[in-house]
Every structure is written in C-alpha cells, then in structure tokens.
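Only one structure is covered here, and it is reproduced in the block below.
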Amino acid sequence: MTDDERARPLQHVDIGAGPTIVRLQGYGMQPATYLPMARLLADRVRVVIPNLLALPERWTFDRALDCLELTLDEIGADQVSLLGHSFGGGLELGLVCRSPARIVECVFSDTLGMHRAFSLAREAVHPIGIFRMATRPALLSFSRSWATHPLQLGAAALWAFSSDRVPEIETCAAVGLPCHVLWAERDTILSRKDGREFARRLHATFTVAKRPPGYRPIDHDWMFDDPELFAQHLSDLGLRALPAT
C-alpha cells in the first residue's frame, strides 16, 4: 500500500472476465489504443489497461507504481498476469519488485534495452524515431496524450532516459516468475540484440514474431497494429491466464 497521500487509482479500461491480465502501455499511448487486442482475449480473460500518464500531480516512477497498486486494490485484482509494451515494461519490472506475490507471470513486448539508459528513451524524446515507424493509431494516441498530459509525458520521458533498470531485472529474475519476451520481426526503435540479452538476464523465453507469407513487416507497435497476430503469439506462450483451448 502506498504512503503517498496524493496517489489515486488510475483511470482504466476493464473488459472481459476470467483471470486478470494488466496491460501496461507504450510511451504516449492511450489505453483505448489497445482495445482491439483486448477484445480478442475478452472471451477468456479480464483485461485491465490503466492510463499510466493520468497520475495526480506530477509524474514519478514511484507514484506511478503507487497508483498502479491502488488501481489493482480498487478492482479486486489480487492475482494478475502482466503484459508490458515498450515503456510499460519498466513499470512492469517495478511492480514485480514491489509486489511479487501478486504477480502470476510476465510478458514483455518490445521493451527494455540493456543500456544504462533505456534504448526506448529514443522513442520518448525523438519524434523522428516515432514517425519513422508510427501508424495512424499510434500517431493519434501520441497526439492525444501530448494534448492532455504534456507535463506527465515530459517527466516520464526524463525518467526513461535516466533510469537504470538492471537491478530491477536482477530482482525480477530472482523472484523466479514465468517470464516471456516477445519481439517484432523488424523493430525500428529497439535492438533485437538488447531484447535477447534482456530475456537472458531475466531467465525468460524469447520469441521473435513470425508473420504469414506475404504479410507486411512487423514493427515495434505490433501489439496494436497487428492485434490478431499478437494475440496468437500470446496464446502460443502457454500462459497460465490463457490456457490452451
């Protein structure tokens, strides 16, 4: 439980019924951006997508975790599987370190390089990197986030640029939870080499997306740009929250 009196439960999307998967979104993305993929799973699981930018007052990593824990308390989610995309993977690690008994398993999609500063910080501070791979849903979501939470976005970017997640990776690995890393076939923001090293240090499986013949290249935001393909890869991992049908 938080000792920050300013922390509050976050605005969130809550869809489906069954075991709970908490989705932590990429930098600047709105929860609604992930709804198409959430709907594909809603017949089997409950998907909760908190708005990681809608914090009370200024954005800090600790306050974001405080608010996430309060959100889980409010919705009665005692046991959850975590699915972090890009920037959200940093918060996923932090939540595991804080509340390991609450976490069933972890999936990281195109997240966390192994540099001292996140490789994904380029996504946070370089619009060129975003526009190079961004699709219309990503651009709309990113624009809406900047319009509604510009100071929060700036503070989150600064955290991403300056933080060292290696100690949290080591702590998460020591907990021994089932962990999986999914990677786009062609991620133009993050290095596959760093993703593979992240998975190794986390003692996680590492899966590179396989696309059907003739399918367009799969990039960083495939979780919401290619929801059917991502949902299939997620099911193939054999998650406890998604037992084989």
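I'm told ASP14 meets every condition in (1) charged (D, E, K, R); (2) part of a loop (DSSP other than H, G, I, E, B); (3) within 28 Å of PRO137 (Cα to Cα) except one. Can you identify the failing condition by its number? If we test ASP14 against (1) charged (D, E, K, R); (2) part of a loop (DSSP other than H, G, I, E, B); (3) within 28 Å of PRO137 (Cα to Cα), just (2) comes out false.
Checked against the criterion of being open to solvent by 60 Å² or more (accessible area, probe 1.4 Å), of a type in the set (S, T, N, Q) and assigned to a helix (DSSP H, G or I), the stretch 194-217 contains not a single residue that satisfies it.
For the subset of the stretch 75-96 comprising residues that are over 17 Å from THR20 (Cβ atoms) and either without any contact (Cβ under 8 Å) to a residue 40 or more places away in the chain or of a type in the set (A, V, I, L, M, F, W, C) (or both), which member is surrounded by the most Cβ atoms within 10 Å (Cβ to Cβ)? The qualifying residue surrounded by the most Cβ atoms within 10 Å (Cβ to Cβ) is PHE87. Reported count of residues in the stretch 224-245, each being surrounded by 21 or more Cβ atoms within 10 Å (Cβ to Cβ), of a type in the set (A, V, I, L, M) and out of contact with any Leu (no Cβ under 8 Å at 6 or more places or on another chain), is 2.
Restricting attention to the stretch 43-76, which residues are among the hydrophobic types (A, V, I, L, M, F, W, C) and touching a Lys or Arg at 6+ places or on another chain (Cβ under 8 Å)? Passing the criteria: VAL47, VAL48, ILE49, LEU55, LEU65, CYS67, LEU70, LEU72. Whenever a residue of the stretch 158-169 is part of a helix (DSSP H, G or I) and aliphatic (A, V, I, L, M), its partners that are buried (at least 16 other Cβ atoms within 10 Å of the Cβ) and modelled with pLDDT under 80, lying with C-beta atoms within less than 7 angstrom and at least six residues away or across chains, give the pairs ALA160/PHE118; ALA160/LEU120; ALA160/ALA121; ALA160/ALA124. On the stretch given as the stretch 31-71, residues that are buried (at least 22 other Cβ atoms within 10 Å of the Cβ) and within 19 Å of LEU140 (Cα to Cα) total 9. When you look at ALA32, is it modelled with pLDDT under 90 and outside any loop (DSSP other than H, G, I, E, B), yes or no? No, not satisfied.
The values are calculated or read from the model by the stated rules, or taken from the named source; none is laboratory data. Everything quoted here is computed from the prediction, not taken from an experiment. Every residue, glycine among them, receives a Cβ derived from its backbone with ideal geometry; neighbour counts consider all protein chains shown. The accessibility values were calculated without ligands, DNA or RNA, using every heavy atom of the protein model including side chains. Shrake-Rupley method; radii C 1.70, N 1.55, O 1.52, S 1.80 Å.
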